[in-house]
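So that we are looking at the same thing, I have put the structure below in C-alpha cells.
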Amino acid sequence: MDAATAEMVKTGFLDSVPFARTLGVTFTDLDHGRAVMRLPDDAAHHNHVGGPHAGAMFTLAESASGAIVIGTFGDQLNRAVPLAVSAEIRYLKLAMGDVTAEAVLGRPREEVVAELDEGRRPEFPVDIELRTNDGTVTGRMTVLWTLRPNKK
C-alpha cells in the first residue's frame with residue numbers, strides 16, 4: 001500500500017475508533033495484510049500488578065486486526081460491512097511497559113474477495129502477537145472477521 005493510502009487508513013481508523021484513541025494506541029506500521037500498533041505505558045491503564053490491563057491489551061490487538069481489515073479490504077467497503085465474528089486471546093506472560101501488537105491476515109485477500117464476488121459472506125482470521133519492547137511475546141490473539149454483503 002502506498003504511503004498516502006496508509007496515512008488515510010490510519011487517520012480514518014483512529015477517527016472512527018474513539019476507545020483506541022482514549023488508550024493512546026498508535027500505528028507503527030501498516031500495509032496490506034499486516035499492521036503493527038503500539039499501546040504506550042500509562043499508569044491509568046494498569047492492572048493490579050502494574051502492567052497494562054488485559055482489556056487494554058485486547059483493545060490493542062483487536063484494533064490492529066481491524067486496521068488490517070480496513071487497509072486490505074477498503075475498496076470493498078462500498079458493498080460489504082466488516083464485522084468481528086469472534087476473538088480468542090491468550091495472555092502468556094506479564095507485560096510491563098509499552099506493548100506492541102503485530103497483526104497478520106490469515107487468508108489471501110484474493111480468496112476473500114472471490115467469495116464476496118460469489119455472493120457469499122467470507123470469514124477470515126487475523127492472527128496477532130503481543131510483545132513488549134524487548135521482543136518478549138506476552139500474548140497471542142486471533143480475531144475471526146467477516147465481510148457481510150450489503151443488502152440490495
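From (1) farther than 21 Å from Leu23 by Cα; (2) in contact with a helix residue (DSSP H, G or I) (Cβ under 6 Å, 6 or more places away or on another chain), pick out the condition that doesn't hold for Ala56.
That leaves (1) as the condition not met.
If you don't mind, there's one more thing I want to ask. Please work out if Val126 is within 20 Å of Ala61 (Cα to Cα) and open to solvent by less than 60 Å² (accessible area, probe 1.4 Å).
So Val126 fits the description; yes.
Scanning the stretch 100-123 for residues that are touching a residue at least 60 places away in the same chain (Cβ under 8 Å) and open to solvent by 20 Å² or more (accessible area, probe 1.4 Å), which turns out farthest from Leu77 (Cα to Cα)?
Filtering first and then ranking leaves Thr100.
Here's something else I'd like to know. Please state which one of Thr28, Thr59, Thr72 is more than 20 Å from Trp145 (Cα to Cα) and not in a loop (DSSP other than H, G, I, E, B).
Thr28
Here's a follow-up. For the stretch 9-25, check the following and say yes or no: at least one residue is of a type in the set (Phe, Trp, Tyr) and either open to solvent by 40 Å² or more (accessible area, probe 1.4 Å) or assigned to a loop (DSSP other than H, G, I, E, B) (or both).
The answer is yes; a qualifying residue exists.
Please tell me if Arg38 is open to solvent by 70 Å² or more (accessible area, probe 1.4 Å), touching a residue at least 60 places away in the same chain (Cβ under 8 Å) and within 30 Å of Pro149 (Cβ to Cβ).
no
Before we move on, is Val81 in contact (Cβ under 8 Å) with a residue 24 or more places away in the chain, open to solvent by 60 Å² or more (accessible area, probe 1.4 Å), within 24 Å of Thr11 (Cα to Cα) and in contact with a Lys or Arg (Cβ under 7 Å, 6 or more places away or on another chain)?
Taking the combined requirement at face value, the residue does not satisfy it.
Picking from Val104, Val69, which residue would you name as being among the β-branched types (Val, Ile, Thr), within 25 Å of Asp2 (Cα to Cα), modelled with pLDDT under 95 and under 13 Å from the mean Cα position of the chain (by Cα)?
Val69
The values are calculated or read from the model by the stated rules, or taken from the named source; none is laboratory data. Being a predicted model, the structure only gives us computed values, none of them experimental. Reconstructed Cβ throughout: ideal geometry from the backbone, glycine too, with neighbour counts over all protein chains shown. SASA here: full protein model, heavy atoms, side chains in, ligands and nucleic acids out. Shrake-Rupley method; radii C 1.70, N 1.55, O 1.52, S 1.80 Å.
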